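Here is the structure we will look at.
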Amino acid sequence: METDSQKQNEKPHQSNNSTDLQIMKRDCLNKETTSRLSLLTKFHAGYFRISFALCGQALLWKTLRELSTDARALRPFVHILPSTAFILLWSLAFLSFLTLCLLYIARCLTRFESVRAEFQHHVGMNYLFAPWIAGLLLLQSTPFLGPPNRAYILLWWILSLPIIALDIKIYGQWFTRGKKFLSMVANPTSHLSVIGNLVATRAAAEMGGKEIALCLFSLGMVHYVVLFVTLYQRFLGSNSLPVMLRPVFFLFFAAPSMASLAWRSIVSSFDTACKMLFFLSLFLFASLVSRPTLFKRSMRKFSVAWWAYSFPLTVLALAATEYAQENE
Amino acid sequence: METEIIYSPSRQAEEIPSLLSTVQSRVVGFDVIHTPSSENSISQVPENRSATENLTPEHSKFYHHERTTSISMPSSPSMLYLQEQGTNPSIPNGTPPISYFGLPPRKSNEEKFDPNKKARFHSHPMGSNQKSSNTVEGFDGLATQHKLRRSDGLRDNRYDPFKTWSGKLERQISNLRRKPLELPENVYSETPQTARVPKVDRFFDALEGPELDRLKEFEELVLPEDKKWPFLLRFPVSTFGICLGMSSQAILWKTLATSPPVEFLHVPLLVNLVLWCISISVLAIMAVIYLFKIIFYFEAVRREYHHPIRVNFFFAPWIACLFLAIGLPPGIAQNLPQFLWYILMTPFLCLELKIYGQWMSGGQRRLSKVANSTNHLSVVGNFVGALLGASMGLKEGPLFFYAVGMAHYIVLFVTLYQRLPTNETLPKELHPVFFLFVAAPSVACMAWAKISGEFGFGSRIAYFIALFLYASLAVRINFFRGFRFSLTWWAYTFPMTGAAIATVRYCIEVSTVFTKSLSVVLSLISTLIVAVLLVSTMIHAWVLQDLFPNDISIAITHHLPKSRTQDVDVTDVELGDSEESK
């Protein structure tokens, strides 16, 4: 709530603020009938972090189960995860994804103004990628649908085309549109656009589309370099992110881990570039973890932003698994 | 809210001037006890308060006083008086009003200033016989203190805020020497919540110059400007640049002696041995001196750490250790054990986790603001570590540091090239510090050659970048004139040596007359410069005797002096400040 209200406070459209406030006032009067309406008001794209986390976990469990038995150290892990637990997790992830998508569609239909305002916000606009990334993660971790399957390819295209379209829109804005220059809007959630490209890369490489994979990978990496430098410079200082959203700093090391995984799926082995990206990710993780005061203020009250911790850690674990496998 | 107890020195023979007592109680409103009687009444003096502790009020008063803003007194007589007193105060009967508020008006605004906040919270009970323990801040009464000091107090207390625990450690040690039974008293009681070190903005406001070592006009120092400070206070961390310069020379001569293409020079390995021995002894001596500085002048060290330029020199000792390991003469040891690499890199890793984290998430220390050429020192160490590890045969560790170094080097390089308007530290004119640009690519090229086993395209690209930067700086040699010599210049020699070493390495791959002559020329240049620096250092050390001038960069005030009436930025307005770990 705090995040949402903070976001609303920073919206350029004051009218939406008042609209939502009016709605909320009405909600307070009629609790029962408008309970669902108030839910839609409170709901925002940041809730997709939940499905990120769950889908990421499903992918991790699937990867752990399918480890090649050459990895001696990891062999115990291969057998401790029963398949039923995995299926349950996948179903949970799928259900959460579906629910969130439906809720968000409902929000689009009923509160289109607030949706639009949300996406004009420099944090909210990155969460446009959120449903598609979650969908791709879910697709990759599907137990019953493998890459050669036509349904898989179809679903991949359905989920990736929006990502490509969003790339063109948002990356173009970075250097052409005055108010939305990268130096003004850069914040850790901007990594989501890069991660979207990289997730699509990995899914594409696994289904055999090497050229598409390479194309998306180069797109993601080029913008990652630019984003990395800009974020490190911290031109805006601390003003770019509200305190409650500090957990999204973890996205700093999600991007190189995902890049490492994506490159590995392109070249089919964990070569030097993958290792270097993984080490960079490890270093950034250590750097963030050794600064607990950075997150102290955001940990005072529960918020959906806490879910932002999970996905990056999952991706790091995935990359570490691949690294361990390679080193065996 | 601090409840300081302000009092004049509790000499039983001394009487508190009536002016003081009335003024104090009127002005302050809280417990101001400065009559000898009340002093004694409140004193639960532990016996361990030694005679040297009577110095506490003097120096603590010297540096901080909460209440002087309401009263302004002429300063110069007492300042003059102080200077006359020097370190050998007699026991006078001074002019209490002047001496109590005896500081120049500028100092009277140091109420919030307390370089060692420990002094602020501490409230010692007062001793009876000259045992006036307390952390009253304030410049007040310094003259009085000086006057009243016994012969024990030959120390100059003005430097105490820069000492560890505001001088208490020193007293503890002298305690231990005199009265072994005394227990330390409340030395941990006054841990400050926030370190009272000037913020980054303050450093930029008060200092100027490419190394931020020159004081701007209207700025003042908290330490006396005309006296020579204690040696340890004058010993900056940038002196470790000497080790960098010497040890990189050792590596150069080792490379020259052992590389096939330059065998025509017939360089003996003895040169490497001699240079290496000199380097290791210099490093050892400096490490010991700096260790003493950490022990005795921890606050000064902390201020150096917060200086935006000096912080990078904290990497210098570790890089020097790595250089020494790389330049190890074959006569001493052929192969170093692998665990040594881990030992050498661990402190380096911790330091860089801290510094890079500050770049990423720090409120006031973000890169767009503090980026400067000296930051290259923080990045180049990664490549040096990778080079050493790869030459020891390690695989993953060097790759780790190479990746981290490369990523952060790209960030730094772009930032410096952008010369953002928010960036104030890059000098508008050329300065030897720019040579640090050459360091990272040249070492990266050698490191990558060692990691990948061959001098491939990656290494060559890095080498050519280094060469280009070197050439573009060398042709501007005219603009490098007219600078004051300082010890930090030693740190700028190692990039040139590094470029020479990389050229020799390149020469092994591409052995033409041009490359050979280039390697010889570059080696000669770097050796010549080091020799010139060595001679200058000797001259300054023994002839001119000003090798270690007063280190003014660490002695700036927290606020602008009162003479400047502008508002000063001392509140923590930035969101990230409270979370920023120092």
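Since every read-out is calculated from the coordinates, none of them should be taken as a lab result. If you're wondering where the values come from, they're calculated on a predicted model, not measured in any experiment. Counting neighbours? That spans all protein chains shown, and the Cβs are built from the backbone with ideal geometry, glycine included.
Here are the numbers:
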item	result
Over 22 Å [Cα-Cα, the range B:230-307], rounded percent	42 percent
Gain upon complete extension [residue A:42, residue A:214; 0.36 nm per residue less C-alpha separation]	58.0 nm
Given charges at Cβ of Lys, Arg, Asp, Glu: the range A:45-323 dipole, positive-most of A:272, A:155, A:309	A:309
Using a Förster distance of 51 Å, the FRET efficiency for residue B:270-residue A:92 (Cβ separation, nearest 0.05)	0.10
Global form of the range B:302-370, assessed from the alpha-carbon gyration tensor, a/c cut-off 1.5	prolate
Volume per residue of the C-alpha convex hull in the range A:246-328, rounded to whole Å³	76 Å³
Alpha-carbon centroid distance for the pair the range B:455-528 / the range B:228-255, whole angstrom	20 Å
Where Cα atoms sit under 23 Å apart: lysine pairs in the range A:45-323 separated by 8 or more or lying on different chains	5
Computed over the range A:80-205, Cα set: Rg, Dmax in Å	16.5, 54
Cut-off under 5 Å, modelled amide H: who pairs with residue B:214 long-range	B:208
Relative contact order (%) - the range B:216-558, alpha-carbon pairs under 8 angstrom, separation at least six	25 percent
Cα centre as origin, Lys/Arg/Asp/Glu Cβ charges: the range B:216-558 dipole, Debye	260 debye
Cα gyration tensor shape of the range B:436-520, rounded if a/c is under 1.5, else prolate or oblate by comparing a/b with b/c	prolate
The range A:45-323: C-alpha gyration tensor shape, a/c 1.5 cut-off, then a/b vs b/c	rounded
Unsatisfied cross-links (Cα-Cα over 19 Å) in the set B:163/B:354; B:354/B:450; B:199/B:369; B:216/B:293; B:395/B:450	B:163/B:354; B:354/B:450; B:216/B:293
Other-chain or far-sequence residues with amide H under 5 Å of residue B:297's (modelled H)	B:164
For the range A:50-66, Karplus couplings with θ = phi - 60° (6.51, -1.76, 1.60), whole Hz, Gly/Pro x	5, 6, 4, 4, 5, 5, x, 4, 4, 5, 4, 5, 5, 5, 5, 5, 9
Sorted by Cβ density within 10 Å, fewest first, the residues B:546, B:551	B:546, B:551
Dimensionless Rg/Rh of the range B:216-558 - Kirkwood Rh, Rg from C-alpha atoms	0.95
